[in-house]
Structure formats: C-alpha cells, structure tokens
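I have placed the structure first, in the form of structure tokens, so that the comments after it can refer back to it.
What follows draws every value from the coordinates through simple rules; no lab data is involved. Because the structure is predicted, anything quoted here is derived from the model rather than measured. When we count neighbours, we look across all protein chains shown, and the Cβ atoms used for this are built from the backbone with ideal geometry, even at glycine.
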Amino acid sequence: MFSRHKLLAFFLLSTTFDAFAEPVDQQQLLSPDGRIRVIVNNQPAGLEYSINFNDKAIIKPSRLGFAIKGQPDLAGDLELVKADKETVRKQWQPVWGERATVSDEHNELHLYLAEKTGLKRKFEVVFRAFDDGVGFRYVIPEQEQLDTFSIEDELTEFAFARNYHAWWIPAYRDQDYEYQYLNSALSSIDVAHTPLTLTGVEDNVAIAVHEAALIDYAGMTLRNTAENHITLKADLVPWADGTRVYAQTPLETPWRTIQIADSAADLLNSDLVLNLNEPNKLGDVSSYVKPGKYMGVWWEMHIGNKSWSPGEDQGATTERVRQYIDFAAKHDIDGVLVEGWNKGWEGEWWSRKPTFVFDEPVVGFDIDAATEYAQSKGLRLIGHHETAAGVAHYEEQMERAFAYYKKQGIQSVKMGYVGPRLDGKESHQGQFMVRHFQKVVETAAKYDIMVNAHETVKDTGLRRTYPNLMTREGVRGMEYNGGSPDTGNLPNHTVIIPFTRGLSGPTDFTPGIFNFDYKKHRPNNRVPSTLANQLALYVTIYSPLQMAADLPENYESKPAFKFIDDVPTDWSDSKTLAGEIGQYLIMARQDKHSSDWYLGAITNEEARMLPVDLSFLEPAAQYRAEIYRDAANADWRDNPEAIEIVSQTVSRDTVLSLDLKPGGGTAIRFIKL
C-alpha cells in the first residue's frame with residue numbers, strides 16, 4: 001500500500017510532468033516518499049540548485065557549472081532547452097555485498113541547457129532523488145566548441161543551511177586518508193576529503209557528501225569558500241601541472257552525492273552510492289570472485305618482530321608461510337597473504353625509488369612450493385603488489401605480473417601505493433591515479449584476479465560495475481596500532497569509521513588482534529580495544545575480504561577465535577540498529593548462505609549499557625545466541641583480553657542488555673533452532 005507521502009509524491013510528479021511540457025526556469029524533483037525536494041533555478045547569473053528535507057532547507061541555492069581553460073565559464077546566460085523526467089522502481093542483485101537484493105527507487109530530472117549567446121555551448125545536468133538522498137552529475141555532449149579541453153575548476157557548491165556538526169579529514173596532506181577524524185563545526189573546515197558527514201541536532205538530520213562512479217576524472221574534495229562560512233565548493237584534486245581534468249567529449253562526470261537521513265545511524269543503511277554506479281560489466285565472475293577471510297605475513301612486520309627486507313629478520317620465508325597455511329587450513333580461512341615475497345624490499349623501500357620485481361621471488365621464499373602446498377590444503381596464496389607509489393615502474397611490469405599470478409593459481413592481490421606522491425609528483429586522488437587504477441582493475445579482471453586496494457584512490461561504488469574490485473583501505477587502519485610513532489589510534493576511531501569512510505564502500509581495516517602485549521619492539525603502542533570489540537568489528541566494519549590480522553600462534557587454543565571461524569563476509573541483509581558517531585554502534589547482518597544472523601556492538605573509551613531489540617529475527621522462531629562479551633573486569637587500558645562466552649535461547653521478542661566495557665564490545669551469532 002502507498003504511504004501518504006508516496007501518494008503525495010506521485011500526485012506532484014504527475015502534475016509536474018504536464019506542467020513541464022514547455023520548459024520553465026524553475027524545476028522541482030521529489031524523492032519517492034516526498035520528503036526530499038530538489039529545486040533547480042536557471043538564473044541570469046547561472047544555474048542553481050537547492051535541497052529541502054522534511055520541508056526544511058538543508059542546502060540553500062548553490063552554484064553549478066565549470067571553468068574551462070581558454071574559454072568563458074560554462075555556467076550562466078543559459079536557455080533551458082528541455083526538461084525530461086523519469087520514474088524508476090526496480091531491484092537488482094549484486095555479486096556480493098551487504099544485502100542480496102538492492103532496491104533502486106528514484107525520480108530523475110534531466111535538464112538540457114545551451115548558452116544563449118557567445119560560444120553557444122551545450123551541457124546537461126541530471127538529478128536523481130532517492131528516499132536516502134540526491135545525486136547529480138554533468139553531461140557534456142560532443143560539440144565543435146568542446147572537443148578536447150581542460151577543466152580549470154568545477155563550480156559546484158554546497159551552500160549548507162546550518163553550521164552543522166562535521167566529521168572530516170583534511171585533504172592534501174601526505175598520508176592522504178590515513179588520519180584520525182576531526183569533529184568540528186562545519187565552518188571550521190578549510191578543505192576536506194569526502195565522505196564528509198554532517199549532523200544537525202536541531203533539525204534531526206544527518207548528511208553525507210561524497211561522489212559516485214569516479215572514472216577518468218579528478219577526485220573531489222570540499223573547500224570552504226571563506227573562513228567562518230558554511231558554503232563548500234567542489235575542489236578537484238589537480239595534476240602536478242595544476243590542471244584539474246583533461247577532458248574530451250562526450251563527458252559524464254562522477255555523480256555528486258548527498259545522502260540524507262533522520263540520524264547518522266540511518267545513513268549506514270543507504271545504497272545511494274551503489275545505485276548511481278553502472279551495472280556489472282564483467283559478467284559471470286563466480287569462478288574467481290569469492291568473498292572470504294584471509295590471514296598472512298603482515299602484522300609481525302608492523303609490530304617489529306619481522307621485516308619486509310630480506311635477511312635474518314625476513315618475514316616472507318617458505319617455512320613461515322607454511323605455518324600460516326597449516327593454521328588457515330584448520331579454520332575457515334580462505335587465503336594467506338605474503339608481504340615481502342618478491343625482490344625489491346631491501347632496506348627502507350618506502351623512502352627510495354622502487355626496485356620491485358613482480359614476478360621473481362626473494363631468496364628464502366619458494367613461491368612454487370608455497371602455492372602448491374596451499375592448494376594441497378584447499379586454499380590459495382594471496383598476492384601482493386606494493387609499488388611504493390612508483391606507478392610508471394609498476395605499469396612496465398603490470399601485465400606480466402598479473403599473468404604470473406594467474407600461472408601460480410593466485411586469484412586475489414593486495415595493492416599498495418605507500419608514499420606521499422605518485423612518481424614523485426602526482427596525487428593519489430587526482431585523475432592520474434584514477435586512470436591508473438582503472439587500468440589495474442581491468443587488467444586484474446583479464447586474469448581472473450580480485451583486487452584489495454591500499455593507499456589508492458577513494459571508493460565511489462565501482463564495485464557494482466567491476467565486482468572483482470573487492471575492498472580498499474582508504475583509512476587509518478590497524479597497522480597504526482602496530483607501530484605508529486603517535487602510539488596508535490584512539491578508542492573512538494572504529495566508532496567513527498562506519499559513519500564516514502564506511503559510507504563510500506568496503507573497508508579493509510584488518511581486525512582480529514588477540515595479543516595486546518607486543519611491547520618488545522613497540523613499548524608505546526597498543527590496540528585500543530578489548531578482545532570482544534575486535535570480534536565485533538567483523539560485523540560493524542564491512543568488507544567482503546576480512547583479515548584475521550594476528551599471528552597464528554596468538555590464535556591457538558583461544559575459544560574466542562570460533563567467532564572469526566564462523567562469521568561470514570557475504571550478507572543477505574544488513575541493518576544498523578543504533579549508533580552515534582564516535583560513541584557506539586550496533587549492527588546486525590544475516591548470512592547470505594544460511595538463516596544465521598550476526599550482531600556486532602562497539603563503544604568508545606566509555607563503558608555503556610545498551611538495550612538491543614531482536615525484532616530483525618524471523619517471527620515464531622527460536623535462536624541460540626552465542627555471545628562473546630566483555631568480562632566484568634574488561635578494560636582496553638589494562639585488561640583487554642578478558643572475555644566471556646555464553647549462550648542463551650532468544651526470539652524476536654527478546655531484548656538483550658549489552659554491557660560494553662571501556663573500549664569494549666559484544667559479538668553474537670544467532671543460530672536458528
């Protein structure tokens with residue numbers, strides 16, 4: 001049955017179709033439920049848009065258009081030639097993801113514009129209004145005046161109606177996305193990465209600004225137009241020569257996305273970014289695209305036990321890899337990552353020009369023997385292409401590097417681009433990297449290989465179009481707890497990530513640390529959580545490839561490892577039950593291949609008691625809840641490993657009380673009886 005909002009939206013859309021038979025200079029578009037209204041005005045000075053939510057402004061009139069090198073701005077003196085509308089109500093099934101079926105319900109407004117005088121250039125703007133937000137993009141068709149050209153600036157603005165609370169990371173810094181989040185007034189932002197998450201306590205609204213379908217264009221940051229103002233504008237990450245985008249028509253820009261919800265927790269249920277990407281272009285990839293769990297030679301380097309460099313402390317040895325394989329084979333672990341396996345890791349590899357060779361193993365590691373041994377145990381090695389930000393050096397070898405993995409039976413590769421600038425000059429978020437990484441994903445697909453990308457361009461939902469693009473880092477991950485000179489992440493970091501970075505897509509955060517005492521080489525570093533919190537991260541931070549990040553010997557004889565054994569990485573459904581940014585989060589997900597549900601709950605440095613309603617469970621069914629929770633004396637500061645494992649029978653009518661200790665959490669598996 002239609003709700004009152006949907007009936008109203010249908011009535012308004014029906015009347016506006018007739019009203020817009022002849023284009024007028026103001027156009028309006030409603031979301032299917034009628035709560036979001038987009039207003040587009042064609043003013044003499046230029047095209048503007050604004051957005052209302054629940055009849056309140058959230059974005060005031062904001063500029064649209066381009067500054068093009070050697071030409072006047074493409075922004076004003078416009079004639080609205082045509083305005084088309086379309087209603088879409090459909091569902092689609094991702095290859096893998098947070099849910100088995102995604103609903104795509106939106107209304108579209110497609111504006112065709114042309115300059116009245118001068119060069120008489122043409123361009124289009126397409127708006128889509130969903131119940132969970134708005135997306136819009138520019139389209140520049142082929143034309144004589146715009147063939148091959150350079151974009152000096154994108155004029156898109158986001159003139160916010162209030163000085164919202166903002167959660168953000170500064171852009172244009174050497175570590176790119178790998179910083180802890182700032183929480184400030186919107187007006188305190190100078191230039192921020194996206195997603196930028198905003199909350200308005202007075203308006204009961206949460207907003208996230210990002211982009212979707214970033215292909216052959218520059219990544220967008222958001223720059224404040226003036227100090228102590230609340231209007232941000234698109235700031236495209238430039239090439240080293242200052243050009244923002246080298247363009248050729250026909251051109252479709254990425255979608256500018258504005259996710260909108262009643263609360264920050266509701267933002268986590270949005271599929272807007274995915275829905276604005278194109279369908280799967282790779283066809284049937286089931287032979288090699290397989291969500292799952294992995295472990296490997298990695299954490300022991302970060303905590304100082306081993307080294308990437310060949311020699312006495314070398315981590316990547318045949319013997320050590322066999323130990324990982326033996327452990328993985330006894331558990332539900334699908335692959336073993338080997339960092340440092342190839343030639344070129346000598347010394348401080350991160351601070352010099354790269355010397356990596358991507359098809360020759362280092363002395364001490366027999367890749368043929370290791371791959372054969374892994375396959376005999378029913379699993380595979382996971383490849384690693386660390387480039388040290390040397391793109392040209394890597395591209396010279398890329399084709400044969402993937403062919404080499406194909407020959408070895410390797411179906412997954414972890415990419416790395418450690419370094420402040422690519423080839424010493426280009427940004428990780430500019431068009432240079434966007435083009436390069438697209439080539440990586442397509443080459444990997446050619447050789448039937450999944451991609452796990454670290455230190456690369458941000459996620460904009462391209463996993464829908466290229467389902468071999470599994471997950472990315474793009475965040476200050478677990479390794480900072482291993483050896484960062486600032487001692488590691490704050491306890492609230494993992495309660496911020498799902499509301500910010502997580503809105504863009506899967507996050508390879510690498511959870512699962514069981515041993516919190518690694519002071520021999522890292523006396524000042526700590527993982528700022530309890531053991532139960534580490535388990536809960538497998539549910540609260542989504543990735544189709546999840547790492548069991550600790551050493552195999554630290555998992556032996558630990559009953560809590562059963563949760564990592566059990567928890568899947570591909571889901572039939574996902575629901576955010578409750579949460580506040582930086583405070584706490586409760587997430588529930590249903591296994592795609594069984595009736596089991598999993599719940600993860602985490603808190604920051606504060607202890608808290610949280611009720612959880614189990615109404616997501618199937619009606620009239622009983623479940624055994626296997627509960628992994630903080631022990632009574634657990635505390636991330638001095639007793640992080642204290643955990644209790646209990647079980648009880650529950651149903652959808654049960655209300656559980658979760659007692660989360662400082663830095664703590666709870667992880668639950670619900671098994672239908």
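Annotations for the structure displayed:
- Loop-located trypsin sites (Lys or Arg not before Pro) in region 173-260 (DSSP state other than H, G, I, E, B) with a sparse environment of at most 16 neighbouring Cβ atoms within 10 Å: Arg173.
- Total lysine pairs under 28 Å (Cα atoms) in region 15-118, excluding pairs fewer than 8 apart on one chain: 9
- Unit charges on C-beta of K, R, D, E only; dipole of the chain, Debye: 500
- Its residue count N fixes a reference of 2.2 N^0.38 Å for region 280-474, and the Cα radius of gyration divided by that reference is 0.98.
- A cut-off under 10 angstrom between Cβ atoms defines the neighbours of Asp262, and their net charge, with Lys, Arg +1 and Asp, Glu -1, is -1.
- Tail beyond 19 Å, pair distance distribution of region 164-216 (Cα, percent): 32
- Sites Val646 and Glu227 - FRET efficiency at Förster radius 60 Å, r taken between beta-carbons, to 0.05: 0.65
- Exceedance of the 20 Å cut-off in Cα-Cα distance is limited, within the set Lys439/Lys592; Lys306/Lys519; Lys330/Lys406, to Lys439/Lys592; Lys330/Lys406.
- Relative intensity of region 4-275 on a log10 scale, I(q)/I(0) at q = 0.08, 0.16 Å⁻¹, equals -0.32, -1.37, per a Debye sum over C-alpha point scatterers of equal strength in the absence of solvent.
- Cβ-defined net charge surrounding Leu74, 9 Å radius [Lys, Arg +1; Asp, Glu -1]: -1
- For Glu211, residues with placed amide H under 5 Å, excluding near neighbours: Thr257
- Nearest-0.05 FRET efficiency for Glu312 and Asp266, computed from C-beta distance (R0 51 Å): 0.45
- Kirkwood-type radius of region 315-396, with distances r between different C-alpha atoms, in Å: 13.5
- Rounded to whole Å, the principal axis extents of the Cα atoms in the chain read 73, 60, 47, largest first.
- The phi-based Karplus calculation (6.51 cos²θ - 1.76 cosθ + 1.60; θ = phi - 60°) puts the 3J(HN,Hα) values of region 101-107 at 10, 10, 8, 10, 10, 8, 10 Hz, whole numbers, x for Gly and Pro.
- Amide hydrogen neighbours beyond the local backbone of Gly133, cut-off 5 Å, H modeled: Ile260
- Rounded to the nearest 10 degrees, the inclination of helix 367-376 to the longest alpha-carbon principal axis of the chain is 90 degrees.
- With R₀ set to 30 Å, the beta-carbon distance separating Lys406 from Lys353 gives a calculated FRET efficiency near 0.60.
- Relative contact order (%) - region 280-474, alpha-carbon pairs under 8 angstrom, separation at least six: 20
- Close amide-amide hydrogen proximity is noted between Gly65 and Leu155, Thr156, each under 5 Å apart and 5 or more residues distant or on a separate chain (H modeled in the peptide plane; Pro and chain starts excluded).
- Computed helical MRE - 222 nm, the chain, DSSP H runs ≥ 4 contributing -39500 (n - 2.57), nearest 500: -4500 deg cm²/dmol
- Whole-Hz ³J(HN,Hα) from phi, Karplus 6.51 cos²θ - 1.76 cosθ + 1.60, for region 36-50, glycine and proline x: 10, 10, 9, 10, 10, 10, 9, 8, x, 7, x, 7, 9, 10, 9
- Sorted by Cβ neighbour density within 10 Å, fewest at the top, the residues Leu196, Leu614: Leu614, Leu196
- Summing charges over neighbours of Ile151, with a neighbour being any other residue whose Cβ is under 10 Å away from its Cβ, gives -1 when K and R count +1 and D and E count -1.
- Dipole orientation for the chain: of the candidates Gly283, Gly70, Phe158, Gly283 has the Cα lying most toward the positive pole (charges on Cβ; Lys, Arg +1; Asp, Glu -1).
- Each residue of region 477-491 was assigned a 3J(HN,Hα) from its phi angle through the Karplus curve 6.51 cos²θ - 1.76 cosθ + 1.60 (θ = phi - 60°); the sequence is x, 4, 4, 5, 6, x, x, 5, x, 8, 5, x, 6, 7, x Hz, with glycine and proline shown as x.
- Net length available on complete extension from Thr148 to Lys330 is 59.8 nm, with 0.36 nm assigned per residue and the Cα-Cα distance removed.
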